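Colleague: Provided herewith is a single structure, encoded as structure tokens, for subsequent inquiry.
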Amino acid sequence: MTATDTNLSTKYDPKQTEAKWQKYWADKEVFKADPSAEGEPYCIVIPPPNVTGSLHMGHAFESALIDTLIRYHRMIGRNTLWLPGTDHASIAVSTIVDKQIKAEGKSREDLGREEYLKKAWAWKEESGTTIINQLKSLGVSADWTRERFTMDEGLSEAVKTAFVKLYEEGLIYRGNYLVNWCPASLSAVSDLEAENQEVDGHLWHFRYPLTDGSGYMEVATTRPETMLGDTGDAVNPNDERYKDYIGKTLTLPIVGREIPIIGDEFVEMEFGTGCVKVTPAHDPNDFEMGKRHNLPMINIMNKDGSLNENAGDFQGQDRFIARKNVVKKLDELGNLVKIEDYRHSVPYSDRGKVPIEPLLSTQWFVKIDPLSQKALGCLDNDNSPNYVPDRWKKVYRDWLIKLKDWCISRQLWWGHQIPAWYVVSETNNEIQDNTPFVVAFDEAEAENKAKEKYGNDIKLEQDPDVLDTWFSSGLWPFSTMGWPNETADLAKYYPNSTLVTGFDIIFFWVARMTMMAGHFTDKMPFDDVYIHGLVLDEKGQKMSKSKGNGIDPLLMIDKYGADALRYTLITKVVGAGQNISFDYDRKKKESPSVEASRNFANKLWNASRFVMMNLKGKTPQELGQPDKANLESCDKWILSRFYQTVKQTRSNIEKYGLGEAAKGLYEFIWNDFCDWYIELVKTRLWEDEGSTSRLVAQQTLGYVLNGILKLLHPFMPHITEEIWQTLTQAALLNPTNSEGTVQTLALQPYPEVAEDLINSELEQSFSLLFNVIGTIRNLRAESVIKPGEKIKVILQTDSEKEIKLLQSTESYIKDIGKVGELIITDSLEDPGQVTAGVTGTVQVLIPLTGLVDVDALKAKLQKKLDKVEKDIKSLSGRLNNPGFVNKAPENVIAGAKNDLAEAQKQAEIIKERLDRLK
RNA sequence: UGGGCUAUAACUCAGUUGGUUAGAGUGUCACAUUGACAUUGUGGAAGUCGGCAGUUCGAGUCUGCCUAGCCCAACCA
């Protein structure tokens, strides 16, 4: 294909083009970062998608944002790295693998750890490959040579290093605490993995008899089965009703245990009976109270949610079966007072989809306070990291303040196995709560450590549990760069420039990264945190797997092209952090918005086709830049608009206004360049070969188009590369340039602003011109004059300035307005029968040969007059108001006076026209 | 219950530090189309800016209250 080829399809076909350039970029390693190269670094690491299947629209959105930022910074000369990768997602993938083996009728234990992990890795390979391919089909300019996975060798080393260090510093401890237990996945889960759901439940009221036989205390509960583990009963010490009971004891029904009545201010006197049963082993609040009053903790439950030996007759029953049976029993015993309907929220396990059970168990914890304090310090002292938009800073800060210790152990197999080895030979060759252990980087080191303490004759067993997924993702910004080794990447690209992520994982992830980074690298992991919103479906609802209302990004890419999808997602984001809704016709599987973006791509395609056809085989380089002295006014105008657009685009991107930047480009390309400039320049292109005017038009067209492609490239990388390569013949002429750089638009410098070519006065003149043309078109349409028919037009104005301007653009008006005879005058001779309109103070008159619909014309003029008179009234009212004249700034008053004068002039013109029609 | 976000044309959304005559795209209606593009062009119609009050010479924009929707957190037994 050459630039002279006029046989380019009239339709842009994204499919072939996108695949072609993706391959080109990959083959030439265009996006491979070089830490030793020049340039201030700019680095974004991907928020690693979970290997749980495929990417959804939210990922596409986030990737489009990141890639646009990355491509922009690369083009403005920053040393850029976009590091891709995926996350192992411990619980989520375990759930998937569990399901797989359950379908085969087996259990985790049947398979054994090794076989289980093989299956998990196989799944990871499949899902990871899908995800990476999806990212590639979006055209992201990531450095694939640096692709990472949270469980690959390097990152596993980082995880072990972090764990061992934190342990040695006393920031990791093992202890018996109440944790959120998911009986479905048989693992502890974090607070964040619990999701509250409103359920219709009951509030059961029971009577517990006083041991001395003097009466009863009434308690209420939503979980009757836990009463089997009650070790106390609490009332508020200020509660007059019960004050005197404190210190007495109750006899727990069914169980027969004698439990004390304690006073604790935690108890709300107004709620229920003002009397609370205390079950320290099965409720977080009771756990705290139990600790305060030294109550025993009796665990009545097994890990699978069934009751254990402490539950007496109820042993072996599932918690929900036991609930019914306990109630029944209490009823039989006469201890059931009443059952109330009660709507309350119950924490459900995010992954297991069953109610979470607070359970006492031995787990590993990270002491959070020293870590969160450091992150808080960075935020408060250095505003680091900087949140965009600002309001998320508060959310992040509040979270850091109220953080509790972080339970990091998970009773799963898929993940980073905890680097702790138990000296099981000390406790009958099994791991017990009191089994001594050593924490070490690997088994050999563990053995050495253990032998020092327990002698040579020992047996070790590694902790079977794995770490919370977020432990490894907390290290992601630096572990991906090679930490704990001091690599060139780490030196150059860390801290990262920007983290682009959704608000939903500020707690899960962002806060953990800042804490880990603060501790291990002594700085915050990124300068800025750019928070984006969610992609909602066509009804404004969150897309989710369970609702089945997701929209497949690949389907959209297939239908409209990756550029169109990217562009749609980006133009929709206006205020940062705002959710965006994706319009979609579910039946037809079509999206009007993406279609509009596809149309925009096609418009650019055809405009480029037109330009290339008219450059007559020359590239913009060959044609050279236009000589300033020869520029005609419309050339100056489009250049002014172009540089204005460069300025706005750059400034918008710099402040994360990607949507505004994208919209600005759309308007410039479609309205200014296609609708006006190309139209204005057409007749010059039909001129003879030697014509300077023609040459300057060609040069300007080539120059501006080249600039447009660069400006738009970060947003629509494929189509711009395709057109640019055709236009400039860059890769064909010379696959690499003199410095050995690959010829690609992606590595071209982004256009710079040329302030001296921005001319706002000229732009104003052109807007008058466009208004005049608009009025002519309007009058033609209303008078049913055929669009092609050349007509006579009289433009009348008293303003000398306007006359000059109109004269200078006479040929444009004739061309575009399809005007045969154009008279520009300041005199008001009666032209006979005309149709007329007004723009500013320019009167537009079109003499009519046929019949004029006088009534229609009058009505139209009258309507305009009404509007103008309303304006006059409002403006003069204001100017007559002493308050306004005295207090408003001068320029505002001057503006109002000006507007009033113009409106009065308009009114005068319209009135005169109306008079003539009488 | 607390916090946050949102409310502007039929739909999706813009609207800078208050400056008065509120914009765009989609849709809709009319007309057009043989020298880039029907994935197009030109033109038209369409809005008491959620409600009430306040500040101000002036409020879509600032303040308060209210209403509706969404999100987060706590929701206590």
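Colleague: Go through (1) in contact (Cβ under 8 Å) with a residue 12 or more places away in the chain; (2) closer than 30 Å to A:Val529 by Cβ for A:Leu623 and report which single condition fails.
Modeller: (2)
Colleague: Let me ask another. So which pairs qualify, if the first residue must be in the range A:66-79 and closer than 12 Å to A:Thr498 by Cβ, the second must be assigned to a helix (DSSP H, G or I), the Cβ gap must be under 7 Å, and the two must be at least 6 apart or on different chains?
Modeller: Within 7 Å, the pairs are A:Thr68/A:Ile570; A:Thr68/A:Leu658; A:Tyr72/A:Ile653.
Colleague: Related question: Please specify each residue of the range A:253-279 satisfying the condition of being within 22 Å of A:Glu340 (Cβ to Cβ), within 14 Å of RNA strand B (Cβ to nearest atom) and crowded, with 20+ Cβ neighbours inside 10 Å.
Modeller: A:Val267, A:Cys275, A:Val276, A:Lys277, A:Val278, A:Thr279
Colleague: May I ask you to list the residues in the range A:732-759 that are in contact with a strand residue (DSSP E or B) (Cβ under 8 Å, 6 or more places away or on another chain) and closer than 19 Å to A:Lys618 by Cα?
Modeller: At the first step, the residues of the range A:732-759 found to be in contact with a strand residue (DSSP E or B) (Cβ under 8 Å, 6 or more places away or on another chain) are A:735-736, A:742-743.
Those that are in contact with a strand residue (DSSP E or B) (Cβ under 8 Å, 6 or more places away or on another chain) and closer than 19 Å to A:Lys618 by Cα: A:Pro735, A:Gln743.
Colleague: Could you please give the count of residues in the range A:774-827 that are touching a strand residue (DSSP E or B) at 6+ places or on another chain (Cβ under 9 Å), free of Cβ contacts under 8 Å to residues at least 60 places away in the same chain and in a helix (DSSP H, G or I)?
Modeller: Adding up the residues that qualify gives 9.
Colleague: Which one of the conditions (1) acidic (Asp, Glu); (2) closer than 21 Å to A:Gly139 by Cβ; (3) assigned by TED's automatic domain parsing to the domain that holds A:Ile678 does A:Asp558 fail to meet, given that it meets all the rest?
Modeller: Failed condition: (3).
Colleague: Look through the range A:44-59, keep the residues that are in contact with a helix residue (DSSP H, G or I) (Cβ under 6 Å, 6 or more places away or on another chain) and buried (at least 24 other Cβ atoms within 10 Å of the Cβ), and return whichever of them is nearest to A:Trp414 (Cα to Cα).
Modeller: Checked the range A:44-59; the qualifying residue nearest to A:Trp414 (Cα to Cα) is A:Val51.
Colleague: Here's a follow-up. Among the residues of the range A:206-237, count how many are among the polar types (S, T, N, Q) and within 12 Å of RNA strand B (Cβ to nearest atom). Break it down into steps so the answer makes sense when it comes.
Modeller: The first filter runs over the range A:206-237 and keeps only residues among the polar types (S, T, N, Q), leaving A:211, A:214, A:221-222, A:226, A:231, A:236.
Filter once more, keeping what is within 12 Å of RNA strand B (Cβ to nearest atom): A:221-222, A:226, A:236.
Number of matching residues: 4.
Colleague: Please go through the range A:160-175 and give me each residue that is among the hydroxyl-bearing types (Ser, Thr, Tyr), part of a helix (DSSP H, G or I) and within 22 Å of A:Gln432 (Cα to Cα), ordered by number.
Modeller: As a first pass, look at the range A:160-175 and keep what is among the hydroxyl-bearing types (Ser, Thr, Tyr): A:161, A:167, A:173.
Next, only the ones that are part of a helix (DSSP H, G or I) stay: A:161, A:167.
Once the filter is applied, which keeps residues that are among the hydroxyl-bearing types (Ser, Thr, Tyr), part of a helix (DSSP H, G or I) and within 22 Å of A:Gln432 (Cα to Cα), the range A:160-175 yields only A:Tyr167.
Colleague: Which residue, of A:Asp331, A:Asp341, A:Asp369, is surrounded by fewer than 16 Cβ atoms within 10 Å (Cβ to Cβ) and under 14 Å from A:Arg223 (Cα atoms)? Even if it seems obvious, please write down each step before you answer.
Modeller: On the way: A:Asp331 fails: under 14 Å from A:Arg223 (Cα atoms); A:Asp369 fails: under 14 Å from A:Arg223 (Cα atoms).
So the residue among A:Asp331, A:Asp341, A:Asp369 that is surrounded by fewer than 16 Cβ atoms within 10 Å (Cβ to Cβ) and under 14 Å from A:Arg223 (Cα atoms) is A:Asp341.
Colleague: Identify, from the list A:Gly690, A:Gly702, A:Gly659, the residue that is small (Gly, Ala, Ser), more than 32 Å from the chain's Cα centre (by Cα) and either within 13 Å of RNA strand B (Cβ to nearest atom) or not in a helix (DSSP H, G or I) (or both).
Modeller: Values: A:Gly702 fails: either within 13 Å of RNA strand B (Cβ to nearest atom) or not in a helix (DSSP H, G or I) (or both); A:Gly659 fails: more than 32 Å from the chain's Cα centre (by Cα).
Matching residue, one of A:Gly690, A:Gly702, A:Gly659: A:Gly690.
Colleague: For A:Ser546, work out the one condition from (1) surrounded by fewer than 15 Cβ atoms within 10 Å (Cβ to Cβ); (2) under 17 Å from the mean Cα position of the chain (by Cα) it doesn't fulfil.
Modeller: (2)
Colleague: Right, here's the next one. Identify all residues within the range A:13-43 that are surrounded by 20 or more Cβ atoms within 10 Å (Cβ to Cβ) and of a type in the set (A, V, I, L, M); write none if there are none.
Modeller: Of everything in the range A:13-43, just one residue is surrounded by 20 or more Cβ atoms within 10 Å (Cβ to Cβ) and of a type in the set (A, V, I, L, M), namely A:Ala33.
Colleague: Among the residues of the range A:32-46, which ones are within 22 Å of A:Trp476 (Cβ to Cβ) and not charged (D, E, K, R)?
Modeller: Passing the criteria: A:Ala33, A:Pro35, A:Pro41, A:Tyr42, A:Cys43, A:Ile44, A:Val45, A:Ile46.
Colleague: If the requirement is being touching a residue at least 24 places away in the same chain (Cβ under 8 Å), within 16 Å of RNA strand B (Cβ to nearest atom) and within 30 Å of A:Glu810 (Cβ to Cβ), which of these qualifies: A:Asn614, A:Asn630?
Modeller: Values: A:Asn630 fails: within 16 Å of RNA strand B (Cβ to nearest atom).
Only one candidate passes the filter, namely A:Asn614.
Colleague: Among helices (runs of 4 or more DSSP H) lying entirely in the range A:504-618, which contain 3 or more residues that are of a type in the set (Lys, Arg)?
Modeller: A:592-614
Colleague: Identify all residues within the range A:456-480 that are buried (at least 19 other Cβ atoms within 10 Å of the Cβ) and β-branched (Val, Ile, Thr); write none if there are none.
Modeller: Across the range A:456-480, the qualifying residues are A:Val466, A:Thr469, A:Thr480.
Colleague: Return only the number of the condition from (1) more than 52 Å from the chain's Cα centre (by Cα); (2) farther than 30 Å from A:Val681 by Cα that A:Glu902 does not satisfy.
Modeller: (1)
Colleague: Among (1) surrounded by 18 or more Cβ atoms within 10 Å (Cβ to Cβ); (2) under 17 Å from the mean Cα position of the chain (by Cα); (3) within 15 Å of RNA strand B (Cβ to nearest atom), which single condition is A:Asp563 missing?
Modeller: Going through the list (1) surrounded by 18 or more Cβ atoms within 10 Å (Cβ to Cβ); (2) under 17 Å from the mean Cα position of the chain (by Cα); (3) within 15 Å of RNA strand B (Cβ to nearest atom), A:Asp563 breaks only (2).
Colleague: Search the range A:283-326 for residues being in a helix (DSSP H, G or I) and of a type in the set (Asp, Glu), and hand back the single one that is nearest to RNA strand B (Cβ to nearest atom). Spell out how you get there, then give the answer.
Modeller: Of the residues in the range A:283-326, the ones in a helix (DSSP H, G or I) are A:284-292, A:309-314, A:319-326.
If we keep only those that are of a type in the set (Asp, Glu) too, we end up with A:286, A:288, A:309, A:313.
Values: A:Asp286: 8, A:Glu288: 10, A:Glu309: 24, A:Asp313: 22 Å.
So, considering only residues that are in a helix (DSSP H, G or I) and of a type in the set (Asp, Glu), the one nearest to RNA strand B (Cβ to nearest atom) is A:Asp286.
Colleague: Can I ask one more? Among the residues of the range A:721-739, is there at least one that is under 24 Å from the mean Cα position of the chain (by Cα) and more than 10 Å from RNA strand B (Cβ to nearest atom)?
Modeller: We begin by selecting, within the range A:721-739, every residue under 24 Å from the mean Cα position of the chain (by Cα); these are none.
Within the range A:721-739, none of the residues are under 24 Å from the mean Cα position of the chain (by Cα) and more than 10 Å from RNA strand B (Cβ to nearest atom).
Colleague: Counting only residues that are out of contact with any helix residue (DSSP H, G or I) (no Cβ under 7 Å at 6 or more places or on another chain) and of a type outside the set (D, E, K, R), which one in the range A:868-887 is nearest to RNA strand B (Cβ to nearest atom)? Talk me through it step by step, then tell me what you get.
Modeller: Within the range A:868-887, the first condition is being out of contact with any helix residue (DSSP H, G or I) (no Cβ under 7 Å at 6 or more places or on another chain), and the residues that meet it are A:870, A:873-874, A:877, A:880-883, A:886-887.
Keeping just the survivors that are of a type outside the set (D, E, K, R) gives A:874, A:877, A:880-883, A:886.
Values: A:Ser874: 4, A:Gly877: 9, A:Asn880: 10, A:Asn881: 5, A:Pro882: 8, A:Gly883: 2, A:Asn886: 8 Å.
For the range A:868-887, the residue satisfying everything is A:Gly883.
Colleague: Check A:Leu376, A:Leu360, A:Leu330, A:Leu336 and return the single one that is under 30 Å from A:Thr521 (Cβ atoms) and of a type outside the set (Ser, Thr, Tyr).
Modeller: A:Leu376
Colleague: Now for a different question. Given (1) away from RNA strand B (no atom under 13 Å from the Cβ); (2) more than 30 Å from A:Leu499 (Cα to Cα); (3) among the basic types (Lys, Arg), where does A:Lys710 come up short, assuming only one miss?
Modeller: Condition not satisfied by A:Lys710: (2).
Per-residue answers, yes or no, for (1) within 12 Å of RNA strand B (Cβ to nearest atom); (2) surrounded by 14 or more Cβ atoms within 10 Å (Cβ to Cβ); (3) in a helix (DSSP H, G or I); (4) in the same structural domain as A:Arg777 (by TED's automatic domain parsing):
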residue: A:Asp830; (1), (2), (3), (4): no, no, no, yes
residue: A:Leu861; (1), (2), (3), (4): no, yes, yes, yes
residue: A:Ile893; (1), (2), (3), (4): yes, yes, yes, yes
residue: A:Glu902; (1), (2), (3), (4): yes, yes, yes, yes
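Colleague: While we're on this one: Take the range A:176-193 and flag every residue that is in a strand (DSSP E or B), among the aliphatic types (A, V, I, L, M) and within 16 Å of RNA strand B (Cβ to nearest atom).
Modeller: The initial filter retains those residues of the range A:176-193 that are in a strand (DSSP E or B), namely A:176-182, A:187-189.
In the following step, the residues that additionally are among the aliphatic types (A, V, I, L, M) were identified as A:178-179, A:188-189.
Scanning the range A:176-193 gives A:Leu178, A:Val179, A:Val189.
Colleague: Does at least one position in the range A:271-290 carry a residue that is touching a His at 6+ places or on another chain (Cβ under 9 Å), closer than 21 Å to A:Leu210 by Cα and at pLDDT below 90?
Modeller: Checked against the condition, which is being touching a His at 6+ places or on another chain (Cβ under 9 Å), closer than 21 Å to A:Leu210 by Cα and at pLDDT below 90, the range A:271-290 yields at least one hit.
The values are calculated or read from the model by the stated rules, or taken from the named source; none is laboratory data. Predicted model, so just to flag it, every value in this text is computed and none were measured. With ideal geometry, Cβ positions are generated from the backbone for all residues, glycine too; neighbour counts draw on all protein chains shown.
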